[in-house]
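Take a look at the structure below.
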Amino acid sequence: MGRLRIAVVQMESKLGREPANLRRAERYVRQAAGDGADLVCLPEAFLTSGNILEVADVAVPIPGDATDQLCRVAAELGVHIVAGLLERGEDASYYSTSVLIDRTGELRGTYRRVHRHELESRYLAGGTEYPTFDLDIGRVGLMQGYDVNFPEVSREYLRRGVDVLVCSALVPDMFTYLVDMRLPVRAVDGECVLAFASGVGNNLYAGFGYMGRSQILADPLFLESERFDFEDGDERMVLLAEGEGVGIVEVDIDRMRRYRDKATLRNDSRPGTYWRPVADAVTATGPATAALQT
Amino acid sequence: MTVEAPLLDLAERVPLTQPFTDMEAVRAYDLGMRRSALMAYKRPTERILAAHHEGMTDFVDIGFNTGLLSLHVSGRLPEVAVSGVEEHNNLVDVAEDNLTLCVWSNMAGDVEFEHSKLSRLPFADDSADIVYSFSSLHRWRRPVETLKEAARICKPGGTVLIEDVNRLAEEGHITFILQFVKEGGEQFMRSLKAAYSPEQAQELLREAGLDDWHVVEEDLGLVISNRPVTPVSM
């Protein structure tokens, strides 16, 4: 444990060019490893881009050729890798999934994105679990871009004690402002480091771009306690702009854990009062009690 | 007193300053090549295909211009991953447009085009079976470093093929081309003036520590390779 170097890869994945996307991702992983990264985070759907209209054609099995190649690279370079893929599930459903491969080259597990927006729901099934992975660098949780809109995700990972939350993302650029606003809040919600690895480029089918702005953030309350010269905004320890590239930062997980042991927000929370059934609550799908049962 | 201006004035190399800064000019260049000069890509293609053999997996194109050569090669060898690098953004954008159309029309080839400094290529040591370049050397910003990079990324037993125009080619070859390029004549001459002579190419190789590489003149062209090259006349 102790000091950990996290890298976020910001890259453009191009429609219909999966082998080239994989090669480029591999090169960025090598670049990050060359700069001393322990954990390298790739964007959501990095192999195919957000090609959900053709998901039946482009989704890949996990494990499969793509993850096999990532496993080889992880083992060769001795880095942990998180990457987003469109997954063809064994249940004949499709998922937007993040995989975690450890530095021995073992595929440790997956996170199937829980939240899907309306259009996506016609093509993708949703996951139901918030898995964590205990690595030599700390406890890692996985989420994806659209999950940023739901504070419950980072709270679930707070409950599970994650040190690093990796969000592989591919977010349309019309949501840049909103997502950018929510990311520091999610780091506070999770009392952790949040690595946001975000895709760039254009969706040629639909005529919009992807937001980029990959960043690595830490709970600003932690950073404030660590750095006498902390100023608001410093919680973005790494921030990439629009182009492709790799951002790396070193964090001390032990110090963050010590901070969390005494963090008042966690100690002051009252879980028993949250998400209890409310008879007249307003939800999109009906009474909150019904929503809670699903 | 009369001053006799030399017809082509090619004795001294004149480096290009800020080439390809005008996007419309780049598109016009690309269209010009596609409409009337595809023949230019035939000879380098044949040379690359001749160097290819079973089991090769990776080619690298240094300075891909608008991508036409790599698209042509990749269509012939769809099992080979072709990675092109180019340092002028406008060229990258036009090459990407060409590639997008190829992907949309289901070309089987596996090509990627990337923006990169040519003096520091984003590829591992010994990773490419064939490293090639066509009509790009004359605008490399740091040619000695790029030659070293070509040697670094080429697999042991692999082939490097760098083709460009020869500034000191026979005048007949130059005027022959000028007949055909018409409105692109000025641009062609600027490129030719920026090109290296065979002796200068040898000097670049010496500076790069690649004294055992070869420089061959071929009609209008100059071919640099880590292997012996047989010149082919059109």
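The values are calculated or read from the model by the stated rules, or taken from the named source; none is laboratory data. None of the values given here were measured: they were computed from a predicted structure. Backbone-built Cβ (ideal geometry, glycine too); neighbour counts: all protein chains shown. To get the accessible areas, we keep the full protein, side chains included, count just its heavy atoms, and leave off ligands, DNA and RNA. Shrake-Rupley method; radii C 1.70, N 1.55, O 1.52, S 1.80 Å.
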Is it the case, given these coordinates, that residue B:17 is away from every other protein chain (no Cβ under 14 Å), surrounded by fewer than 19 Cβ atoms within 10 Å (Cβ to Cβ) and among the hydroxyl-bearing types (Ser, Thr, Tyr)?
yes
For the range A:1-19, pairs from a residue that is more than 13 Å from residue B:96 (Cα to Cα) to a residue that is open to solvent by 50 Å² or more (accessible area, probe 1.4 Å) and part of a strand (DSSP E or B), with Cβ under 9 Å and 6 or more apart or across chains, are A:3/A:250; A:4/A:250; A:5/A:250; A:6/A:250
Checked A:3, A:72 against criteria (surrounded by fewer than 20 Cβ atoms within 10 Å (Cβ to Cβ) and either touching a Ser or Thr at 6+ places or on another chain (Cβ under 9 Å) or modelled with pLDDT under 95 (or both)); the one match is A:3
Residue B:50 passes all but one of the listed conditions (1) over 25 Å from residue B:119 (Cβ atoms); (2) at pLDDT below 95; (3) hydrophobic (A, V, I, L, M, F, W, C); the exception is number (2)
Exercise for the section: With respect to residue A:81, determine if the residue is in contact (Cβ under 8 Å) with a residue 40 or more places away in the chain and either loosely packed, with under 15 Cβ neighbours inside 10 Å or hydrophobic (A, V, I, L, M, F, W, C) (or both). Expected result: yes
Discussion item. With the structure loaded, tell me whether residue B:39 is away from chain A (no Cβ under 13 Å), aliphatic (A, V, I, L, M), out of contact with any Leu (no Cβ under 7 Å at 6 or more places or on another chain) and part of a loop (DSSP other than H, G, I, E, B) or whether it fails that test.
Written reply: no
Here the residues within the range A:6-18 that are open to solvent by 30 Å² or more (accessible area, probe 1.4 Å) and outside any loop (DSSP other than H, G, I, E, B) are A:12, A:18
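Taking the condition of being closer than 26 Å to residue B:155 by Cβ and more than 13 Å from every other protein chain (Cβ to nearest Cβ), how many residues in the range B:72-125 meet it?
10
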Of the residues in the range A:19-31 that are closer than 23 Å to residue A:205 by Cα and more than 9 Å from chain B (Cβ to nearest Cβ), the one that is most open to solvent (accessible area, probe 1.4 Å) is A:22
With criteria (1) buried (at least 18 other Cβ atoms within 10 Å of the Cβ); (2) polar (S, T, N, Q); (3) within 26 Å of residue B:82 (Cα to Cα), residue B:230 comes up short on (1)
Only one of (1) open to solvent by 10 Å² or more (accessible area, probe 1.4 Å); (2) farther than 24 Å from residue A:12 by Cα does not apply to residue A:163, and that is (1)
Counting only helices (runs of 4 or more DSSP H) entirely within the range B:125-234, those with at least 3 residues that are at pLDDT 95 or above are B:143-153, B:198-207
The condition of being of a type in the set (A, V, I, L, M) and more than 19 Å from the chain's Cα centre (by Cα) holds, among A:20, A:25, only for A:20
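One line per residue, one yes/no per condition, for (1) at pLDDT 90 or above; (2) surrounded by 12 or more Cβ atoms within 10 Å (Cβ to Cβ):
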position	(1), (2)
A:237	yes, yes
A:244	yes, yes
A:251	yes, yes
A:271	no, no
A:274	yes, no
A:280	no, no
A:285	no, no
A:288	no, yes
